[in-house]
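The structure appears below as structure tokens.
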Amino acid sequence: MRVDLGNALATTPGLTTATLDRLDDRVAAAHERIAAGMADDEFGYAALTLPETADPDAIYAAVEGFDRPEAVLTVGIGGSALGAATLSNALDSDVDAYVLDNVDPDETRRRLVDLPLDDTVVNVVSKSGTTAETLANFLVVREAMADAGVDWTERTLVTTGESGNLRRLADRHDLPSLPVPDGVPGRFSALSTVGLAVAALQGHDVEAVLAGGRDGMDALAGSLYDSPAYAYGAATYALAERGALTNAVMPYAESLETFAEWFAQLWAESLGKDGLGQTPARALGATDQHSQLQLYRAGPPDKLVTLVRPTERADAPIPETDLDGLAYLGGSSLGGLLDAEFEATEASLAAAGVPNVRVEIDRVDERALGELLFGMEAACVLYGELASVSTFTQPAVEWGKKAARGLLGGGDFEEAEAVAEKRELRID
């Protein structure tokens, strides 16, 4: 992973090299804290050791009982689904991967109608084993399989903690299962059993993903000038402090669109605390040059744009044409056009004084994705250290979970009582 901060300098809001120099001493101190947390396997910091502690052999062993399926359906939500979806949507496979990460009944019905249930592996993931959305969807999926004459116990893989409903279910039915790593919040679990089981089922190289993560680990250093992950984390923090409170992440590769979704959860849930944080926005280049770029370039000066691209990719030539005004495209390629769009967007933002950061990987493959995911996790942790926020907690999320559970009769929670206090101003 490579990071270029040049277009974040002398912009509005923006940085200077003097700003970064002053910040670098704080980066060094934060790195010492992060390294100590990793060494002591502390909660949260343990996520940054996953490239070394995750066991690919255990993952392969858990999935080896399934013949190569036609499809994999992950039933999970948030961090229990987005890491796996990022990898599966980025990498080509003849095994289709789908996700049920919402409880919209229309979408759930459509998905189950379309799936070849007799040749689908259901990958159900919940750290606690009690997540309402995940368990509700799994019960619906299980019933659909039974109605289709499919033995769900022969088609289900469970990833969960040491206790809870899912663990008891797996033990009762002797289901293949994987443990959720201790001390790792779900949004930081992409490089673990949580994110890698689907990759294994699809035939991807899990060891290469972890090797990419180790590349990211090896690149951590006590200076932002020596560490791409820390350079990104420090720059985003400093820009937020200066008013860039929205971070629009814009990959220039369709295969990385889900990566932007994964990033949005990582950034929002980790850093949105105590009135602080930076709001992640999701965009896709070049598509959103025609929808969102107008706002980023000419709207309020409160944004950072993160442009992400692979530098190597398969290409498709553009045929020659004699149509007036289009001859210049002939002899070029779609990849060349996309690169030109990328660089033009960079220049357009810089010319308007909008800070933007370039993040590059060599190509969209297992190793590069592992490094990219690790790098963004490390950047997020560094940002949290610099901002003095509790990076690894999510109290606002837990509040909503308790309110919903109380409304469904799952216990007495005072949070549920707040629902009845809703103020109304209805216009029918």
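The values are calculated or read from the model by the stated rules, or taken from the named source; none is laboratory data. Remember, it's a predicted structure, so these values are computed and weren't measured experimentally. Counting neighbours? That spans all protein chains shown, and the Cβs are built from the backbone with ideal geometry, glycine included.
Brief remarks on what is shown
- Filter result for A234 (buried (at least 24 other Cβ atoms within 10 Å of the Cβ), in the same structural domain as R363 (by TED's automatic domain parsing) and aliphatic (A, V, I, L, M)): yes
- Among the residues of the stretch 11-23, not one is within 22 Å of E360 (Cβ to Cβ), part of a loop (DSSP other than H, G, I, E, B) and without any contact (Cβ under 8 Å) to a residue 60 or more places away in the chain.
- Any hit, the stretch 392-402, residues being modelled with pLDDT of 80 or more, over 22 Å from L20 (Cβ atoms) and surrounded by fewer than 15 Cβ atoms within 10 Å (Cβ to Cβ): yes
- Assessment of the stretch 359-380 against the conditions (in a loop (DSSP other than H, G, I, E, B) and on the phi > 0 side of the Ramachandran plot) yields no matching residue.
- Some residue of the stretch 311-321 being under 28 Å from S223 (Cβ atoms) and in the same structural domain as D215 (by TED's automatic domain parsing): yes
- When G222, G212 are screened for being surrounded by fewer than 18 Cβ atoms within 10 Å (Cβ to Cβ) and either assigned by TED's automatic domain parsing to the domain that holds R26 or not basic (K, R) (or both), only G222 passes.
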